[in-house]
1. What distance in nm lies between label points placed 7 Å from Cα along the C-beta direction at B:Arg319 and A:Val44?
2. Using alpha-carbon positions, what is the distance between the centroids of segment A:7-65 and segment B:261-312, in Å?
3. Quick one: helix B:339-353 against the long Cα principal axis of chain B, what's the angle to the nearest 10°, folded into 0 to 90?
4. For B:Leu107 and B:Arg169, compute 0.36 nm times the residue count separating them, minus their Cα-Cα distance, and round to one decimal in nm.
5. Between B:Ser497 and B:Ser253, what FRET efficiency follows from the Cβ-Cβ distance if R0 is 35 Å, with the result rounded to 0.05?
6. Rounding to the nearest 20 debye, state how big the charge dipole of chain B is about its Cα centre with +1 on each Lys and Arg Cβ and -1 on each Asp and Glu Cβ.
7. Round to the nearest 10 and give me the degree value, 0 to 90, for the angle of helix B:388-399's Cα axis relative to the longest principal axis of chain B.
8. Remind me, what semi-axes does chain B give for its equivalent ellipsoid, largest first in whole Å, using sqrt of 5 times each Cα gyration tensor eigenvalue?
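Just so it is clear, none of the values below were taken in a lab; they were calculated from the coordinates. These figures come from a predicted structure and were not determined experimentally. All Cβ positions, glycine included, derive from the backbone under ideal geometry; neighbour counts span all protein chains shown.
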Amino acid sequence: MTQTSLEALTRQAGDTLVVELRGDIDGGAREALGAAYDAAGPGVPVLLDFGGVGYINSTGIAVIVGLLARARADARPVSAMGLSAHYREIFEVTRLSDFLTILPPTDEPGAAT
Amino acid sequence: MVWRRSEPAVPAPVAVEPQPQAPLAAEQPFEIAPNDPLVAYLQAAPGAVDLARLDLDSPAIQEMLAAGVTLAIPLIANGELVGILNVGPRLSDQDFSADDRRLLEQLASHAAPAVRVGQLVREQQVEIQARGRMEQELAVARLIQQNFLPKELPDLPGWQLAALYRPARAVGGDFYDVIELPGGRFGLVIGDVTDKGVPAAMVMAATRSVLRASAARLHEPGAVLARVNDSVCPDIPENMFVTCFYAVLDPASGVLRYANAGHNVPLLHTPTGPAELRATGMPLGLMPGMSYEEKETVIDVGTTVLLYSDGLVEAHDARREMYGSARTASVLAGAPASSQSVIDELIAGLDRFADPGAEQEDDITLLVLRRGDGTLADFKLQSVPGNEREALSRVAAAVDGLALSPERIERLKTATAEATMNAMEHGNRYDPDLYVSIAVRSDGRRVSVSIVDHGGDRDIPTTPAPDIEEKLAGRQSPRGWGLFLIKSMVDAMHQESDGSRHTVVLEMTLEGGSDDADKP
C-alpha cells in the first residue's frame with residue numbers, strides 16, 4: 001500500500017473541537033479521522049482544519065460523509081476551514097458544503113492573530 | 001640590402017636599401033621586381049658582381065647604377081637569394097681589389113643567415129598581426145550572429161521546433177528566425193548571405209530586422225520577401241545577396257504558406273513519403289521590384305519539415321563528394337522521433353561523412369518543424385493502491401504549458417486520479433501484475449487523457465448517482481463518488497470496451513479552443 005497516512009491532531013478552541021488534518025484524505029483516513037472525532041463527546045462542535053491536506057479523493061469524501069452521518073446522529077455541528085479553492089469546489093459539487101459550514105478564511109480561528 | 005625574399009611563386013617586389021657606408025645617391029630602399037633578370041643572375045652568381053659590366057635587360061641594374069651602386073654581393077642563405085649587399089665606388093676611386101671582394105664576400109656570407117633570421121622574425125610578426133586582426137574580425141562576426149539568432153524557440157503545443165546554428169571558423173552569413181505573428185501564427189525564416197565575416201554578418205542582421213518588421217505588417221510571405229528585397233537592394237554591398245525562405249504557419253490548422261528567395265528547397269517527410277516546398281523567387285538584394293511565388297500546403301500529423309542552409313548539403317568528404325540532399329532526405333525518411341533527433345542524426349551523419357581532417361567549410365543552419373501526433377505523455381502504472389497520485393502528477397507535468405488555467409489543471413488531476421483508481425480497482429482488481437496505461441494527447445484545441453485497464457470483458461459497474469442526503473441517512477453507501485467527480489471535473493468523458501480492455505477518455509478544452517472553455 002502506498003496510501004499516505006493522515007495525521008489528525010485535536011485541540012479545544014472555546015467549546016469547539018479543532019481537528020488539524022495533515023496529509024492526504026483517502027480511504028485510509030477513516031481511522032485517524034474517527035479517533036479525532038471521538039476526542040470530544042456528543043454536542044461538541046467539530047472544526048476540521050484542512051490547511052495541511054494536499055489530496056482528497058473519492059474514498060476520502062466517503063470517509064467525510066461517514067463522519068458527517070455520525071455528527072448528524074450526535075447533533076454535533078461540523079465546520080471546515082483551510083480548504084483550497086479546488087477542494088472547496090469539490091465540497092460544493094458533492095454538496096458536502098450543504099452539511100458542514102465552510103468558514104471563509106477571515107473567520108478561521110487564529111486568522112486575525 | 002634586400003629585406004624581403006623574392007618568392008618565385010609569388011612575384012613580390014624585392015626591396016633594396018642603400019649600403020650606408022657607400023656614397024650612394026638613394027637614401028630610401030628601392031624595390032627589385034622578382035622577375036628582374038638580376039635576381040636570377042645573382043641567385044647563381046659565385047660572388048661579387050660589377051653591375052656596370054652586366055649586360056642584362058634589367059630595370060633594377062639601371063636604378064642601382066643611378067643610385068651609385070657599383071658592386072652587388074648576393075646574400076645567399078640555404079641556397080636562396082635573401083638580399084644584396086650594395087657597395088658604392090671606393091673613396092679612392094680605384095677599383096675594388098681581389099682582397100676587397102673576398103672581404104665583402106665573407107661579410108656577405110656571414111650577414112646572409114642573420115638577414116634571413118631577421119626576415120623570418122619580421123614575416124612572423126606581420127603574420128601574427130594579420131591573424132590577430134582576422135581573429136578580431138571573426139569574433140565581431142560571431143558576436144553579431146549570436147545576437148541576431150533567437151535565444152529560444154517558442155513552445156507550440158502539438159508541434160516540435162528545434163534549431164541548430166553551427167558556424168564555420170570563418171563565420172558565414174547564415175541566419176534563422178521564428179517570429180510570433182498575430183492570430184497565433186508563426187513566421188519561420190532561414191537565410192544565407194553570400195560572403196563571410198563581418199560584412200556578411202552585418203547584412204544578415206539588417207535583413208533579419210527588415211524581415212521581422214515586414215512580417216509584422218504583411219500577412220503574405222511573398223509580399224514580405226518582396227518588401228525585404230526592396231529594402232535591402234539600395235544598401236547591400238556589390239556582389240553580395242541573400243537567399244531566404246520564409247513561411248507562415250498556422251499551428252491550429254497546420255496550414256503553411258511559403259515563399260522562397262533562391263534558398264535551398266526545404267524538405268518534408270510526410271507519413272506518405274518525401275516532399276519538397278518549392279516556390280520560385282530571386283535572391284534578395286539582386287534587383288528591386290521582384291515578386292515571389294507563394295504556395296500553400298497543410299502539414300499533417302507526423303510530418304517533419306526541414307529548413308537548412310547549403311553548409312549541410314554542400315559539405316564534402318575526403319574525396320570531395322558532396323553530402324547532398326539525398327543523404328539529408330534519407331535521414332528524414334528514417335523518421336527520427338523528434339525535431340531534435342532529426343538535427344542530432346543529421347549532424348552525426350554529416351560528421352561521419354565529412355573529411356575528419358578538414359575544417360567545416362560553411363555555416364550549417366537547421367530549423368526543424370514537426371507536427372507530432374499530439375502525444376504529451378504515455379506511461380503505465382501498476383495496479384497498486386495509491387498509484388493514482390503518480391498518474392495525477394505525471395498528467396499535470398504533461399499538460400504544463402498548455403492553455404489550461406491552474407483551476408482546470410486541478411480538475412483534470414482529480415478526474416485523472418479518480419479514473420485511474422477505478423481502472424486499478426474495477427478493471428484490474430488491484431492485481432499488481434496488471435497495468436493501467438495512461439496517455440495524454442493534445443491537438444492544440446483540447447487535451448485528452450485516456451486511461452486503459454484490462455476489464456473490457458466485464459460490464460462497466462453502474463452506481464446510482466450519489467445523493468448525499470441518502471448517504472447521510474444510511475440508505476446509500478457513503479462511497480460511489482468516483483464517476484460523479486470525474487464527470488463534474490472535465491468537459492467531456494467517454495468510455496468504451498473492446499472485449500479485453502476498457503478505456504476511459506477525459507477531455508478538457510484548451511483556452512481559445514472553444515467558447516465553452518470555462519464550463520466547469
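1. About 9.2 nm, to one decimal.
2. Comparing the Cα centres of segment A:7-65 and segment B:261-312, I get a distance of 65 Å.
3. For B:339-353 against chain B, the angle is about 30 degrees.
4. Once the chain is fully extended between B:Leu107 and B:Arg169, it gains 17.6 nm.
5. Plugging the Cβ-Cβ distance into 1/(1 + (r/R0)^6) gives 0.55.
6. 820
7. Once rounded, the angle reads 50 degrees.
8. Square roots of five times the eigenvalues give 82, 25, 18 Å.
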